[in-house]
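K.L.:
Quick one: the structure is below, questions incoming.
Rule-based calculations on the coordinates, nothing more; no lab input. Please read these numbers as outputs of a predicted model, since none were measured by experiment. Here the Cβ positions follow ideal geometry from the backbone for every residue, glycine too, while neighbour counts run over all protein chains shown.
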Amino acid sequence: MVMRPLKRIRGGGTGHAQRLWPVLLLVTAAAVAPTASVLWFMGEAIRNEELAGRQRLADAYRGQLLSVQASLGDWLREKAQHLQVDVTQNAAVLFEQVVREGAFDSVVVLDGSGQITYPVAAVPDEPGSLTAGALHGAYQLEYEAGEPERAAGVYGRVAEESADATVAARALLGAARCLLRLGYRDEAVEILSRGLQESRFEAATDEQGRLIAPAALMLAIESSPDAVSDVRRRCVETLARHAGEYIDARMPSSQRLFIMEQLQTWQPGVWLPTIEAERLAQAYLARQPRAPMPLQLVPCGGAEMHQFASESGRIVGLLTAERLARETRPLLERAKAADGVVRLLAPGETANPQPLVSLDGGRHLPGWTLALSLPGQDPFAQTARRKMSRYLWAGLLASLLTIGLASVLARYVGRQVQLTRLKNDLIATVSHELKTPLASIRALVDTLLTNGVRPQQTQEYLQLIAKENLRLTRLIDNFLTFSRMERRKHAFEFAPVAPADVAERALEAVRERCEAANGHIEVQIAGRVGELRADRDALVVVLLNLLDNAIKYTGANKRITLSISREGSDVCFAVSDNGIGMSRRAARKVFNQFYQVDQTLSRKTGGCGLGLSIVKFIVEAHGGSVQVESRPGVGSTFTVRIPADEEAPVEAT
Ligand code: ADP
């Protein structure tokens, strides 16, 4: 009988899953792609929403910043009023007046050409000046020759003879120095604290441009070891008066500051209201600041000090960064909106974190920035992140759900498609497989019906008809079992069964065919194997299919063994042959529906690739297993294991 090759349809979970994965991939892509696009659009929408929210808030806060800008302007204009003073006055007096008003930490006074007139710089002697020349000899004796006594004499003569007050004062100071070196302290102190304090020496300066009278007092104090002496007290008082007197603008500011600092050490707690302002003014000079612009607050040489010039540009108020921060804080805090913080940033300073909204400082604060930031983590970004993560989770769940549902659907549809294809193939196979034996039977019957057939031939034809009939019956049996199996309609009738009985029935059916083909079947039963609880007819089909295959796929000298044994709780049926065997790869597939290792051979032997899948189905329905061990060209052994009926007594079979 010629078998029509069937398109192979693999049964079982693995084959099904293999064909399902492209569908699943497509479904996954179909579920993930739109979800990802929707998420992307949502992300963009959230970002836009975040930007719009920021913009709305920034617009609301910009009004607040404008009001801060205006208050800062007012504050500086109010400060400017303290700088509106009569600039024709003496610069030192102007300094003291503005500093004492307290609107600024310090003050710098300029003349009409922009030159600084306070702090007053010391003006040293020009090289080779006449004043120095008159005292040249005395200086040489004092400093180079180291002869204080002779130097004191020369100084004394110059002091008496010179009509120039500066020369005389320098000579007296030199004489006092020499007397101190010679140990005539009282005489020296007398010169320093009285002689040099005469009014004609008020303007006398030393070579570095410092006033001699206060310098003499300082020397007198340092030379008076008695801290409570009258002379010393008097000197300190006079010196304090000198330092605090701004009406006399001749004293260089550096000397005034030095005297003030010395006074603080000699007389702790002495009241020197302008000492800090003097210090700051000196620091201002050291920074070499750029020319002040009227009514503009600008940093001078660093972030610690700022200058603010009067409208005329002649008076420059100085503010420390600390004071600026202290005075502007209430103005900035007044504008504090919701939980935002407003900061005033100096030129070049950057806000960290990035401000929500910023504004320039206005006309009086060029280069300054008003920055409003939200403290802590950016609430907009936080909200956006929260929303995005919610959407992501929702998207993920939606995708998983879609994939899950789609895979269930794909499985269902796949199964339906497979069943339909199976049905079609089955119909085609059945009709084809039935046609060949039926045609043979008809031809034989037609021949028998015609006269002239010898009795011996009649017998032969009838045997052939019987053989074809048997083959047809087995074929139909297999198809029916397979059909029931596929529809999961096969009902088994379980009852106590003796394994030997099953083997006997199966052998009965194949023995004749085997012997006809010159084959030999041996049965081996290993002692007590116990009973089975099984569907006897179904188990007969199992052994029948295995034995049938052993006959079909074995060559001329067929040696087939059916052995029954007990392995633990299982009863084993093993069918071995010395046939063509099969490769390891083929052995893994033989239990799939319609699988045939060699279709040409199968066509000859008359099979349709269902026998072993039926075996597997029946065995598994009994809770057992089937496996094959095979070597090409050597033979195969199919082993079926069925759990024994534990309740039945184990006895010899
Ligand atoms: P078929 O009707 O084609 O025999 P089966 O399902 O019974 O279908 O067997 C599937 C295939 O397994 C066969 O076509 C054959 O190639 C191979 N096969 C089965 N039994 C044996 C055996 N004992 N020796 C070698 N090959 C076998």
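K.L.:
Using +1 at the Cβ of each Lys and Arg and -1 at the Cβ of each Asp and Glu in the chain, identify which of GLY348, VAL98, ILE191 lies farthest towards the dipole's positive end.
P.N.:
GLY348
K.L.:
Taking the Cα centre of the chain as origin, sum charge times position over the Cβ atoms of Lys and Arg (+1) and Asp and Glu (-1), and report the length of that vector in debye to the nearest 20.
P.N.:
6020 debye
K.L.:
Order by neighbour count: HIS242, HIS490, HIS520, fewest other Cβ atoms within 10 Å first, most last.
P.N.:
HIS520, HIS490, HIS242
K.L.:
Then there is this: Enter the per residue convex hull volume of the chain, computed from alpha-carbon coordinates, in Å³ rounded to the nearest integer.
P.N.:
Value for the chain: 379 Å³ per residue.
K.L.:
Another question, if that's okay. Please work out the FRET efficiency for the pair ARG343 and ARG233, using the Cβ-Cβ distance as r and a Förster radius of 45 Å; give the result to the nearest 0.05.
P.N.:
Result of the calculation: an efficiency of 0.30.
K.L.:
So what are the three principal axis dimensions of region 204-295 from its Cα atoms, in whole Å, longest to shortest?
P.N.:
52, 31, 22
K.L.:
Once every DSSP H run of n ≥ 4 in the chain is given -39500 (n - 2.57) and the sum is divided by its residues, what mean residue ellipticity at 222 nm do you get, rounded to the nearest 500 deg cm²/dmol?
P.N.:
Taking each H run of at least 4 residues, the total per residue is -19000 deg cm²/dmol.
K.L.:
Still on this structure, I have one more. Any chance you could run the full-extension gain for GLU187 through ASN90? It's 0.36 nm times the residue separation minus the Cα-Cα distance, nm to one decimal.
P.N.:
Values: separation 97, 0.36 × 97 = 34.92 nm, distance 3.73 nm.
Answer, rounded to one decimal: 31.2 nm.
K.L.:
Now for a separate question. Once you sort the root eigenvalues of the Cα gyration tensor of region 62-165 as a ≥ b ≥ c, which label holds: rounded (a/c under 1.5), prolate (a/b larger than b/c) or oblate (the other case)?
P.N.:
Prolate shape, in that a/c is at least 1.5 and a/b is the bigger ratio.
K.L.:
Something else: Could you put THR350, THR561 in order, starting from the residue whose Cβ has the fewest other Cβ atoms within 10 Å?
P.N.:
Neighbour counts put them in this order, fewest first: THR350, THR561.
K.L.:
Let me ask you something else. On full extension of the chain, what length is gained from THR473 through LEU449, given 0.36 nm per residue of separation minus the C-alpha to C-alpha distance? Could the numbers behind the result be given before it?
P.N.:
Numbers: separation 24, 0.36 × 24 = 8.64 nm, distance 2.36 nm.
Additional length available on full extension: 6.3 nm.
K.L.:
If each of GLN524 and ARG47 carries a label point 7 Å out from its Cα toward its Cβ, how far apart are those two points in nm?
P.N.:
Result for the modelled spin labels: 7.7 nm.
K.L.:
Once the Cα gyration tensor of region 532-653 is found, what semi-axes does its equivalent ellipsoid get, as square roots of 5 times the eigenvalues, in whole Å, sorted largest first?
P.N.:
Largest first, region 532-653 gives 26, 15, 12 Å.
K.L.:
With the contact rule set at Cα under 8 Å and sequence spacing of 6 or more, what percent relative contact order holds for the chain?
P.N.:
15 percent
K.L.:
Taking the Cα centre of region 545-651 as origin and charging only Cβ (+1 Lys, Arg; -1 Asp, Glu), how large is the dipole, in debye to the nearest 20?
P.N.:
Result for region 545-651 is approximately 860 debye, rounded to the nearest 20.
K.L.:
Can you compute the modelled spin-label distance between ALA163 and SER583, with each label point 7 Å from Cα toward Cβ, in nm?
P.N.:
13.7 nm
K.L.:
Which translational diffusion coefficient, to the nearest whole µm²/s, is obtained for region 357-488 from the Stokes-Einstein equation, given a Kirkwood hydrodynamic radius over C-alpha pairs, 10 °C and 1.306 mPa s? Display every interim value, and only then the final one.
P.N.:
Working: Rh = 23.4 Å.
D = 68 µm²/s.
K.L.:
I've got another one for you. Beta carbons within 10 angstrom, averaged per residue: use that to sort the peptides 355-364, 572-581, 407-416, highest first. Present the calculation step by step, with values, prior to reporting the outcome.
P.N.:
On the way: 355-364: 18.7, 572-581: 21.4, 407-416: 13.1.
Result, highest mean Cβ count within 10 Å first: 572-581, 355-364, 407-416.
K.L.:
A follow-up question, please. On a 0 to 90 degree scale, rounded to 10, what angle separates helix 91-101 from the longest Cα axis of the chain?
P.N.:
Relative to the chain, helix 91-101 is tipped by roughly 50 degrees.
K.L.:
Another question, then. Placing one identical point scatterer on every Cα of region 150-241 and ignoring solvent, what is log10 I(q)/I(0) from the Debye formula at q = 0.12, 0.19, 0.21 Å⁻¹?
P.N.:
-0.33, -0.81, -0.98
K.L.:
Still on this structure: Fewest first, what order do ARG314, ARG488, ARG290, ARG234 take by the number of other Cβ atoms within 10 Å?
P.N.:
Fewest-to-most Cβ neighbours within 10 Å comes out as ARG488, ARG290, ARG234, ARG314.
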